[in-house]
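A quick write-up on the structure given underneath.
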Amino acid sequence: MDAFSQLLQQLYFTSSNNEKSRLLRYYLANTADPDRGWAIAALAGTLKFEFFKRNAVKNLMLERVDPDLFAMSYDYVGEMSETVAHLWPDTTSNIELPGLADLIDQFRQANREQVKALLVHYLSGMTAEQRWSLLKLGTRGLRVGLSARSVKRILAEYGQVPVSEIETLWHALSPPYRELFDWLEGRADKPDITGAVTFHPVMLSHPLPDNSAERLTVSDWQVEYKYDGIRVQLVVTEQGKALYSRTGDDISESFPDVLSGVDECGVIDGELLIIHDGEIDSFNALQQRLNRKKPAKKLITQKPAGMVVYDLLTDGNQDITALSLTERRQRLEYWLSRAEARHLQLSPLLPVSNNKQLQQAYTDAAADPGVEGLMLKRKDSSYQPGRPSGQWFKWKREAQHLDAVIMYAQRGHGKRSSFYSDFTFGVWHDNTLLPIGKAYSGFTDEELKKLDNWVRRNAVGRFGPVREVKKELVVEVAFDAIHPSSRHKSGVALRFPRFHRIRWDKPASEADTLTNAKALIIT
Amino acid sequence: MQADKWLQPRDNGLYCIAADYYIDPTSEVANALITHGHADHAMGGHHNVVATVPTIAIMQTRYGEEMAQTVQALDYGASIKLGDPDDPVSCTFYPAGHILGSAQILLSYRGTRVVISGDYKRQPDPTCSPFEAIDCDVFITEATFALPVFKHPPIEQECEKLLHSLALFPERCHLVGVYALGKCQRMILGLRSLGYHQPIYLHGAQRRLCDLYQDHGIDLGQLTDVADVSDKSELAGQIVLAPPSALSDRWSRSLPEVRKAMASGWMQIRARAHQRQVELPLVVSDHCDWQALLTTINEINPGEVWITHGREDALLHQLTTQGVKARALSLIGYDEDATD
């Protein structure tokens, strides 16, 4: 455990990716199984505990510290593990710590009450740095500046194999990854994962660079709508089936209706949407299904989920990712005809044969509330996990803008800890401001400092961690779309709002009104 | 007479009405009492300044000999009378243990004693006289690190960390961000006390104040200006002290394989270290941590506590819970990051 704790500290404070890779490879080479496998699981976010959770830690802490002081400390530090690491009462003697695998095993074997006892035992016998490492384990997402993808890249460097091979294997393997290390260190063949129900890393697109549409050779590109849903992957094999989010989370339980009635083997890439008899509903409708772990029957009937499918990675048992998009598309169409699933529908190809038609398709898509814009994919593109350059582009509708007034501010987390970086803004309605959204991006680090300073000087009230500020600062917010919403007092909800410009010069009275905002709703 | 009748927070800082003196004013005023030489407390341009001898020397080093029209030096323990001679405010300085020359100011008027502690700490510091607890009716305290998460380790531990890193990475130049006044000299002495007697290298901004400390009888050992090193590769495996702003500056590019460190109380919060891309955070503070603040207030046991700048909410909450009468003054203009 101590070696792992030291690794985390070093990774956290190292900014160079090469240096991080060197640190991790050194750790892997000098740490035995199964400890190193569990370290990889922790770093890549595949380690889960049933009872060792953030809330359990928080409750134990609250038994030991004044709740108000805890709240103020957390607000300032911006991260739970670190807050607790510092706040936990110091004891004089540090205890001998078990190895990482042993420690993880203890937590996995323990029931709810035993986990509490374990936490108290270890937290009380550790240094603040060790506490932080332990708590990071339990709260998932270590945030030491190493993404799951980087971990795979470093594993590939460690074993001198292509990273794509690790990507393909990854979701079929589980901690402590002995068979993976056996292969990487040349003691065994590559693990065989044929037929396993497992997530396949997805291929992502880049935003289309400004003014580049007119220079495209249109005949090289497949043009489709960009749907306003969430990206999912449907996996069907002889051993079973599952639905995954684009990050590989298994969301089958939340969407049993998508899986039902599909028995044709394959790995299908597509968009999850609410579809009523072929009619696509809004993102708002989908939102009512998202984050419901087990939806009620009634909700499923009212908001039936389906997929618009646009790619095929595995046809039956055959990996076809090396084929061109055009070939995969033909396979997809044939697969769909065999699958005979009414809630799966094909993403139509837009008939575009020259740049003028492409521009027109974009203009039409921008006026269509059901889609976000266009997808342009090279017809000869193979299916490559990650975000390969020049292959797929998303061409989203131009952002819309409103001048809104900052109403509340909250401190950020992670690297923005201690800065006021989360802002609630509103627009005018009958001489009062109504909040219409929250934004925490779109400003530079320099602007963030200025905003933080402004909040400190203009705070007029506080509600827990939230500061109310003088209604004086106008920001031009950009957002992808605005929709009617019954969940907000203002009656509207913004998609992906962010700062566009800070209008230090503009009087708040000249900010936009709710009427202006509603006029931007596309119907 | 109740203290809040003759001592009040104003836009320019804390103002003593009965004496017509500001304490650490944040813009130019007629009469100023200065607790210590950090720039956010000691501005240039006041008409009349009262401070300790080292504080005056620091201000003159920074702002020139003409930093004020009249200057009056006051030693620790000595008193002067301010305001109306028939109804005077008595003013006495006591050591605050923050940096060289730092003082607490005791103001006594019509039988009420108020101690303005300025910035202070309780950890041992060989560069200045230790804090003295002064009996008073109102104790005015800072709250820079007033959250229970703040626990300042002994400086030896942090200096050892630096020396350990030096042994581990002998090819890398260890560039340590330290504030030029106080932190810089304290770090040097911390390293010397662990037997580190190599030359310590200085960024140009650190030189004048190090000389000033040496003039006040504090031996810092051999110091060399980085500017005087013609072959910068000689700085591999050496310690360079620079202002925090120089850590990411072009200036540091000439140094070989820089390992960035920073000595500050804020370094205890990882994200703060991360924001500055510090690889080796050293938790060294010239302020009190949470426990030291509470211990001090407990020890002085004043009738009332006034809280100036920092995390006043938390300290106010804690003192109120303990049944200590307390209020927050909400003074603005003291830069929480500038001096620690």
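Remarks
- Over the protein assembly as shown: helical MRE at 222 nm, DSSP H runs n ≥ 4 each giving -39500 (n - 2.57), nearest 500: -9000 deg cm²/dmol
- Residue by residue along A:66-72, Cβ atoms of other protein chains within 10 Å of the local Cβ number 5 on average.
- Accessible surface, segment A:206-395, averaged per residue in Å² (probe 1.4 Å): 48 Å²
- Across all C-alpha atoms in the protein assembly as shown, the radius of gyration and Dmax reach 31.8, 105 Å.
- Protection proxy ranking, highest mean first, for peptides A:504-516, A:144-156: A:144-156, A:504-516, where packing is the per-residue count of other beta-carbon atoms within 10 Å, averaged.
- Cβ-derived FRET efficiency at R0 41 Å, A:Ser16 paired with B:Ala73, nearest 0.05: 0.20
- For A:Glu50 and A:Ala366, a Förster radius of 51 Å and the Cβ-Cβ distance give a FRET efficiency of 0.60, rounded to the nearest 0.05.
- When each of A:Lys116/A:Lys136; A:Lys53/A:Lys116; A:Lys53/A:Lys152; A:Lys58/A:Lys152 is checked by Cα-Cα distance, pairs over 22 Å: A:Lys53/A:Lys152; A:Lys58/A:Lys152
- Note on segment B:145-200: with charges restricted to the Cβ of Lys and Arg (+1) and Asp and Glu (-1), its dipole about the Cα centre is near 140 debye.
- When peptides A:240-251, A:123-134, B:71-82, B:170-181 are ranked by their average number of other Cβ atoms within 10 Å per residue, the highest-first order is B:170-181, A:123-134, A:240-251, B:71-82.
- Inter-chain Cβ neighbour count for A:80-89, averaged per residue, equals 3 (cutoff 10 Å, partner chain atoms only).
- Bridging of A:Lys356 to aspartates and glutamates at a Cα separation below 20 Å is possible for A:Asp210, A:Glu214, A:Asp220, A:Glu224, A:Asp364, A:Asp368, A:Glu372, A:Glu398, once same-chain residues fewer than 8 apart are set aside.
- Compared with the alpha-carbon gap, the fully stretched path from A:Ala188 to A:Ala399 is longer by 70.7 nm at 0.36 nm per residue.
- Expressed as a whole percent, the accessible surface of chain A that belongs to carbon and sulfur atoms is 47, based on a 1.4 Å probe.
- With the cut-off at under 14 Å, measuring from each backbone N in segment A:350-388 to a point 7 Å along the Cα-to-Cβ line of A:Glu214 picks out A:355-360.
- Excluding ligands, DNA and RNA and using a 1.4 Å probe, chains A and B jointly bury around 2500 Å² of accessible surface, summed across both partners.
- Separation of the A:Ile230 and B:Gln8 label points, Cα + 7 Å toward Cβ, nm: 5.8 nm
- Listed peptides A:296-303, A:271-278 appear in the order A:271-278, A:296-303 once ranked by packing, highest mean of other Cβ atoms within 10 Å at the front.
- Separation in nanometres of the label points that stand 7 Å from Cα toward Cβ, at A:Arg457 and A:Lys297: 6.3 nm
- Fully extending the segment from A:Ser174 to A:His429 would add 86.4 nm, taking 0.36 nm per residue of separation and subtracting the current Cα-Cα distance.
- Two-site FRET efficiency, A:Asn111 against B:His216, from Cβ-Cβ distance with R₀ of 56 Å, rounded to 0.05: 0.30
- Residues of segment B:8-46 with amide N under 17 Å of the 7 Å Cα→Cβ point at B:Ile134: B:8, B:14-25, B:32-37
- Pairs from A:Lys394/A:Lys450; B:Lys151/B:Lys183; A:Lys293/A:Lys489; B:Lys151/B:Lys325; A:Lys449/A:Lys518 whose Cα-Cα separation, in the structure shown, is over 28 Å: A:Lys394/A:Lys450; A:Lys449/A:Lys518
- Computed label-point distance, nm, for sites A:Arg64 and A:Ser486 using a 7 Å Cα→Cβ extension: 4.7 nm
The values are calculated or read from the model by the stated rules, or taken from the named source; none is laboratory data. Nothing here was measured: the structure is a model prediction, and the numbers come from that model. Every residue, glycine as well, gets a Cβ built from its backbone with ideal geometry; the counts of neighbours run over all protein chains shown. Note: accessible area is taken over every heavy atom of the protein model, side chains too, but ligands, DNA and RNA are not part of it. Shrake-Rupley method; radii C 1.70, N 1.55, O 1.52, S 1.80 Å.
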